Amino acid sequence: MKHLILIFVLIATLAILTLLLPTPGASSESPPVVSHFAIDNVRVFDGHQVIENATVIVQDGQVRSVGDNETLSAGVERIDGSGKTLLPGLIDGHAHSFGDSRIDAARFGVTSLLDMFTAPEQLLPARQQRTSLDRSTQADLFSAGILATAPGGHGTQYGLDVPTLDQPDETADWVAERIAEGSDYIKIVVEPLGGRLPTLNAEIVAALVEAAHAHGVLALAHASTLEDATMALNAGVDGLVHIFQDQPVPEAFIAQALESGLFVVPTTVVLGSMLGAVDGSTWLEHDHLGPRLSPVQRQSLTQPGWATSLGQQRWPLVLANIQALHQAGVPIIAGSDAPNPGTGHGISVHHELQLLVEAGLTPIEALMAATSVPAQRFSLEGRGCIKPGCRADLLLVSGNPIADIEATGAIERVWKNGQEIELAYIAPPTEAIGRDEHDLLAPDERQYWQAASDQFMGGKSTASMENRESGVLVQGQLLTGSFSPYSGAMWMAGSGAMEAVDLADRQHLSVRIKGDGGPFQLMIFSGASPGAMPVMLDLVQDDAEYGLDVELADLALLEPGHFRAFGIFATGQPRDVEFEIVEARLE
């Protein structure tokens, strides 16, 4: 099963990468709108302390005042906050942004994302957007951009062009290139994955930290073991963006962390999912938040981790290490690592807050970990606060999260730049396919097929396609060089790559290929966002043929109203690939 998860994560990146162009709601922000309103009789957590029964006045995208004796002109909207708590817009201290992730995050009250690895094309536009107080429907983005890793190391397997490092004297130029691309800080990967991958050595890590500090930006480290975290700490990193779970945190490590000013983003929720200790899918049933989830959030929340008995035994150690660091005074920052398995953008920050409380933080300390602490550590001016001059990024919840942290999930209203955000997920409209052919091998449909291999993901497999009278011939090779080699062909439902079309009137998909040396898989891509994970099904062998008949209504994760593509791929062990698609019908 593990290789299947890796396959769909990798192939879904094909869709994700199409989102490097501006997305609906992410590029065409509305013109400035004057915002002037007051929230009366509301409990306020201002990022540091609680103010009971206050009036908060918002004007022109900023907080104008917080008090109880304010005079307002006639016509200013007044909102009754009785029984409610007003929080600063939350900050996710570890996320990965693509597609509609910033829109999804904002709908759940997370108004700033600290991204730890994404395509650099997003960065400069994001900088322009986050300085504005214009109406916005998405979280502001701060990002490391491309991460620092070794040739063939962790981070090179996802299809992005990652310039790597293998000598200390390369670090100054490498960091300068990231800063020029728009990176706000530098993320350094120290992750050998148990010796399975190459990783950066101590000398290169120290040189990267020095180069980052020379540019006045933070140096952050991804490390999952005490040994690697200690190496990063010795090199002078400013923060760890995961917590190690292989050993208890030693007193000497804590003392050095306190002396250096280290902070930690433990990403408790994703570690809990990976270890099999927490279940992100339970949030689909949340009374307030479940109905608001987008299909992409639903899919990432239901992805399984890699639970083992050893992993589950390590979960108490994760909580104990967070507690030890926190009690000693090491700053803790809330981060979800969305959209990794068991997480979803926005919603998993609320889960992370609950887990931090479980690990020993008080509710107010957990809220600080998602507001004032990341704002201070990452120099996010005007964020994580409710004070005069702060940005009016606000989250209004029912109840009192200071007494019960679960109340952050009772979201009533969200404002970004002083403008209210629609909380419900609204799927973008799609048009009908415009082609009524059911036989996808008919002459007019051949143009919508294309060869596809893991070369798109940085792999070495090959694929070519040849039209024949009897069908579509696919030839190639499955080669090592990626986590999950694949070679095959894809049929696009729309006129453009991964364009969503409405195929709600189609009920049945049947495919049949002639070939040998399987396995072969059918992968169906759908969803309002191209980042949605595909439905994956094994083709069934019958002598030298493989085939599958699928009733689309039986596929729970399929969205026929946003059908994008399907692919037929040779997967599994490296081998020569040759098969002919002799039947493909969608009716």
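Could you please give the count of residues in region 317-368 that are outside any helix (DSSP H, G or I), of a type in the set (G, A, S) and out of contact with any Phe, Trp or Tyr (no Cβ under 8 Å at 6 or more places or on another chain)?
8
I'm told E445 meets every condition in (1) in contact with a Leu (Cβ under 9 Å, 6 or more places away or on another chain); (2) surrounded by 13 or more Cβ atoms within 10 Å (Cβ to Cβ); (3) modelled with pLDDT under 95; (4) not basic (K, R) except one. Can you identify the failing condition by its number?
(1)
For region 498-507, indicate whether the set of residues that are under 22 Å from K460 (Cα atoms), modelled with pLDDT under 90 and open to solvent by 10 Å² or more (accessible area, probe 1.4 Å) is non-empty.
no
For A424, state whether it is modelled with pLDDT under 80, small (G, A, S) and either within 26 Å of the chain's Cα centre (by Cα) or surrounded by fewer than 19 Cβ atoms within 10 Å (Cβ to Cβ) (or both).
It is false that A424 is modelled with pLDDT under 80, small (G, A, S) and either within 26 Å of the chain's Cα centre (by Cα) or surrounded by fewer than 19 Cβ atoms within 10 Å (Cβ to Cβ) (or both).
Looking only at region 193-221, count how many residues are within 25 Å of I333 (Cα to Cα), under 28 Å from the mean Cα position of the chain (by Cα) and either acidic (D, E) or surrounded by fewer than 18 Cβ atoms within 10 Å (Cβ to Cβ) (or both).
4
State yes or no: is G276 at positive phi, outside any helix (DSSP H, G or I) and either in contact (Cβ under 8 Å) with a residue 24 or more places away in the chain or open to solvent by 60 Å² or more (accessible area, probe 1.4 Å) (or both)?
yes
Does any residue in region 108-127 that is over 20 Å from G61 (Cβ atoms) come within less than 7 Å, Cβ to Cβ, of a residue that is surrounded by 22 or more Cβ atoms within 10 Å (Cβ to Cβ) and among the charged types (D, E, K, R) six or more places away or on a different chain, and which pairs are these?
Filtered contacts from region 108-127: L114/D92; M116/K187; F117/K187.
Before we move on, is F117 closer than 21 Å to D337 by Cβ, surrounded by fewer than 24 Cβ atoms within 10 Å (Cβ to Cβ) and modelled with pLDDT under 95?
yes
Does A119 satisfy the condition of being of a type in the set (A, V, I, L, M, F, W, C) and touching a helix residue (DSSP H, G or I) at 6+ places or on another chain (Cβ under 6 Å)?
yes
Here is a yes/no grid of residues against (1) in contact (Cβ under 8 Å) with a residue 60 or more places away in the chain; (2) buried (at least 19 other Cβ atoms within 10 Å of the Cβ); (3) small (G, A, S); (4) not in a strand (DSSP E or B):
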residue	(1), (2), (3), (4)
Q521	yes, yes, no, no
M533	yes, yes, no, yes
M536	yes, no, no, no
D549	no, no, no, no
A556	no, no, yes, yes
G561	yes, no, yes, yes
G567	yes, yes, yes, no
A570	yes, yes, yes, no
Q573	yes, no, no, yes
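Any idea which of (1) without any contact (Cβ under 8 Å) to a residue 60 or more places away in the chain; (2) buried (at least 24 other Cβ atoms within 10 Å of the Cβ) is the one E365 doesn't satisfy?
So the condition that E365 fails would be (2).
Among the residues of region 311-362, write down those that are on the phi > 0 side of the Ramachandran plot, surrounded by 19 or more Cβ atoms within 10 Å (Cβ to Cβ) and at pLDDT 95 or above.
If the condition is that a residue be on the phi > 0 side of the Ramachandran plot, surrounded by 19 or more Cβ atoms within 10 Å (Cβ to Cβ) and at pLDDT 95 or above, then D337, G346 are the ones that fit.
Could you check how many residues of region 238-263 are open to solvent by less than 40 Å² (accessible area, probe 1.4 Å), touching a Leu at 6+ places or on another chain (Cβ under 9 Å) and either in contact (Cβ under 8 Å) with a residue 40 or more places away in the chain or outside any helix (DSSP H, G or I) (or both)?
Total meeting the criteria: 13.
Among the residues of region 151-176, how many are within 18 Å of P192 (Cα to Cα), of a type in the set (A, V, I, L, M) and at pLDDT 95 or above?
Residues in region 151-176 being within 18 Å of P192 (Cα to Cα), of a type in the set (A, V, I, L, M) and at pLDDT 95 or above: 1 in total.
Taking S281 and the conditions (1) open to solvent by 50 Å² or more (accessible area, probe 1.4 Å); (2) in a helix (DSSP H, G or I); (3) of a type outside the set (F, W, Y); (4) within 22 Å of Q312 (Cβ to Cβ), which numbered condition does it fall short on, given that it satisfies the others?
(1)
The values are calculated or read from the model by the stated rules, or taken from the named source; none is laboratory data. If you're wondering where the values come from, they're calculated on a predicted model, not measured in any experiment. Quick reminder, even Gly has a Cβ in these numbers, built from the backbone with ideal geometry, and neighbours come from all protein chains shown. Quick note on the areas: whole protein, heavy atoms, side chains included, nothing else; ligands and nucleic acids left out. Shrake-Rupley method; radii C 1.70, N 1.55, O 1.52, S 1.80 Å.
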